[in-house]
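K.L.:
Pasting in a structure now, in structure tokens, and then I'll have a few things to ask.
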Amino acid sequence: MTTPIVAIVGRPNVGKSTLFNRLAGEPLAIVDDTAGTTRDRLFSESIWNGVHFQIIDTGGIDPSEGGKDPLSVSSAEYVKQIRDQALLAVEEADAVIFVTDAAAGITPADQEVADLLRKYQKDREGMRYPPLHLAVNKAENETLRISAMEFFALGLGTPIPISALHGTGTGDLLDAVVASLSSEEVEEEDESIKIAIVGKPNVGKSSLLNQLAGEKRAIVSPIAGTTRDAIDTKIVFNDLPVTLIDTAGIRKKGKIDRGVEKYSVIRSMRAIERCDVALLLIDASQEISAQDIHIAGYILEKWKSTVVVVNKWDLVEKDTNTMEEFTKKIRYLLNFMDYVPVIFISALNGQRVNRVLPLALQVQEERLVHISTGVLNRILMKAQDMHSPSSKTGRLLRIYYGTQVRADPPTFMLYVNEPELMHFTYQRFLENQVRKTYPFSGTPIRFVLKKRK
């Protein structure tokens, strides 16, 4: 069963992000008095009365063509993108919270948004449309809570006065939302292999997506940060269903612009979380940066399989040793994931791009390998005979036996006398011994220690 999605929509600066943070239980969205601060959808998990659901914060719907945006050449186009983004969220939602402002009363923009949502319902005739919940925010006192009843005039049902800032009324809102979510609908599980294309801005992620998909699925631009959203492209490769996830570039925290790119970073992280294999793109024409290493660390933190893809190889002046030297540099800087394969490509002209998907699928296949208990224990015994664990306290680590408790990622339970005696260097040694027999190319290995007398 899929997790229901609840979209928060409304005109700019009515407190959607404040409400999102309240429902998420943490400040995931930037809250700013400047209209239009939130420009892209933002996802988070939430739970109420035992019901789990996802909430989506959206940029404000503004049906007008006015407004000024210093980060956009065309203000009208900027407003249109926000509106389209919010409507896209509505299209994906199982319930919608339409947020208005009690202090401002019904504005012409509120009326236009209400008309837009009703028109959207009408345009989807014959399709299931998510229920609408009208939240009148900023009802900080009794007078404003009473005046919230004027929003009946929008024709969208009973207004629910709330204060997202203080939390009053949000329980009533959540009661209504949860009651409207259908728990009976079961969607077919997506069993495709999910491959995320991640990396810093402007390393060629969208160009690689277009090459792998065989057509122009994403806009390609030399401007860093063009891809604002996580884009899923479904293809079939060698009779296998594959979902390619192109993501916005991930930048250092201190260099993330306020606005859309902030949310793009979070969505890129989400893409890493839901993928099976991450293609980490590195720009060959630039030095490997701390941010490249940071992204690799995040992939490892989420226990995802990885292929390092060195793009723009056509821009590098080469001799017979260039590729080997670049590989050594990658191995040195990414020494915490020395098991990952490295491939050199040019997404622009297609050089070696045909090897990327076969390599990623091979990595995914090895991620699912299961070692029998007998074979694993022979590897562990041989490793201990070769190199006994050292001790600074006089107590020696004893590994009684091990077993693989799961794949995806490969996870091994080791039964030992004292788990705290396992030094990380000895655990790394055991990992290397396992990889000599079963490489698990591109895939991290997890050891879980359990005490046994």
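K.L.:
Taking S163 and the conditions (1) in a loop (DSSP other than H, G, I, E, B); (2) surrounded by fewer than 16 Cβ atoms within 10 Å (Cβ to Cβ); (3) modelled with pLDDT of 90 or more, which numbered condition does it fall short on, given that it satisfies the others?
P.N.:
If we test S163 against (1) in a loop (DSSP other than H, G, I, E, B); (2) surrounded by fewer than 16 Cβ atoms within 10 Å (Cβ to Cβ); (3) modelled with pLDDT of 90 or more, just (2) comes out false.
K.L.:
Related question: Suppose we filter the stretch 418-452 for residues that are within 22 Å of L396 (Cα to Cα), touching a residue at least 24 places away in the same chain (Cβ under 8 Å) and out of contact with any strand residue (DSSP E or B) (no Cβ under 8 Å at 6 or more places or on another chain); how many remain?
P.N.:
Number of matching residues: 5.
K.L.:
Name the residues in the stretch 151-166 that are hydrophobic (A, V, I, L, M, F, W, C) and touching a Gly at 6+ places or on another chain (Cβ under 9 Å), would you?
P.N.:
F151, I160, I162, A164, L165
K.L.:
Oh, and also: In this structure, is M413 farther than 19 Å from F440 by Cα, hydrophobic (A, V, I, L, M, F, W, C), without any contact (Cβ under 8 Å) to a residue 40 or more places away in the chain and open to solvent by less than 70 Å² (accessible area, probe 1.4 Å)?
P.N.:
The answer is no for M413.
K.L.:
For the stretch 416-437, which residues satisfy the criterion of being open to solvent by 60 Å² or more (accessible area, probe 1.4 Å), among the hydroxyl-bearing types (S, T, Y) and either farther than 19 Å from G374 by Cα or at pLDDT 95 or above (or both)?
P.N.:
If the condition is that a residue be open to solvent by 60 Å² or more (accessible area, probe 1.4 Å), among the hydroxyl-bearing types (S, T, Y) and either farther than 19 Å from G374 by Cα or at pLDDT 95 or above (or both), then T425 is the only one that fits.
K.L.:
Taking the stretch 319-351 only, how many residues are surrounded by 13 or more Cβ atoms within 10 Å (Cβ to Cβ) and free of Cβ contacts under 8 Å to residues at least 24 places away in the same chain?
P.N.:
So the count comes out to 4.
K.L.:
Still on this structure, I have one more. Answer yes if at least one residue in the stretch 119-127 is modelled with pLDDT of 75 or more and not in a helix (DSSP H, G or I), and no otherwise.
P.N.:
No, the conditions are met nowhere in the stretch 119-127.
K.L.:
Follow-up question, since we're still on this one. Which condition does G157 not pass, out of (1) at pLDDT 75 or above; (2) part of a loop (DSSP other than H, G, I, E, B); (3) on the phi < 0 side of the Ramachandran plot; (4) surrounded by 14 or more Cβ atoms within 10 Å (Cβ to Cβ), if it passes all the others?
P.N.:
(3)
K.L.:
Within the stretch 287-344, track down each residue that is among the acidic types (D, E) and either assigned to a helix (DSSP H, G or I) or within 18 Å of R428 (Cα to Cα) (or both).
P.N.:
Selection gives D292, E301, D314, E324, E325, D338.
K.L.:
When you check A114 against the structure, is it touching a Leu at 6+ places or on another chain (Cβ under 6 Å) and modelled with pLDDT of 80 or more, yes or no?
P.N.:
yes
K.L.:
Within the group S390, S305, S346, which residue is among the hydroxyl-bearing types (S, T, Y) and in contact with a Ser or Thr (Cβ under 6 Å, 6 or more places away or on another chain)? Before you say what the answer is, go through the steps one by one.
P.N.:
Working: S390 fails: in contact with a Ser or Thr (Cβ under 6 Å, 6 or more places away or on another chain); S346 fails: in contact with a Ser or Thr (Cβ under 6 Å, 6 or more places away or on another chain).
Checking each option against the conditions leaves just S305.
K.L.:
Right, next: Does Y400 satisfy the condition of being surrounded by 15 or more Cβ atoms within 10 Å (Cβ to Cβ), out of contact with any helix residue (DSSP H, G or I) (no Cβ under 8 Å at 6 or more places or on another chain) and hydroxyl-bearing (S, T, Y)?
P.N.:
Against the criterion (surrounded by 15 or more Cβ atoms within 10 Å (Cβ to Cβ), out of contact with any helix residue (DSSP H, G or I) (no Cβ under 8 Å at 6 or more places or on another chain) and hydroxyl-bearing (S, T, Y)), Y400 does not qualify.
K.L.:
What tally of residues in the stretch 345-382 results from selecting those that are closer than 19 Å to E431 by Cβ and not in a helix (DSSP H, G or I)?
P.N.:
The number of residues fulfilling the criteria is 5.
K.L.:
Within the stretch 257-270, identify whether any single residue is modelled with pLDDT of 90 or more, out of contact with any Leu (no Cβ under 9 Å at 6 or more places or on another chain) and open to solvent by 70 Å² or more (accessible area, probe 1.4 Å), and answer yes or no.
P.N.:
Among the residues of the stretch 257-270, not one is modelled with pLDDT of 90 or more, out of contact with any Leu (no Cβ under 9 Å at 6 or more places or on another chain) and open to solvent by 70 Å² or more (accessible area, probe 1.4 Å), which makes the answer no.
The values are calculated or read from the model by the stated rules, or taken from the named source; none is laboratory data. All values derive from a computational prediction rather than experimental measurement. Heads up, the Cβs are rebuilt from the backbone with ideal geometry, glycines too, and the neighbour counts pull from every protein chain shown. Ligands, DNA and RNA are stripped out before the accessible areas are found, and what is left, the full protein with its side chains, is counted by its heavy atoms. Shrake-Rupley method; radii C 1.70, N 1.55, O 1.52, S 1.80 Å.
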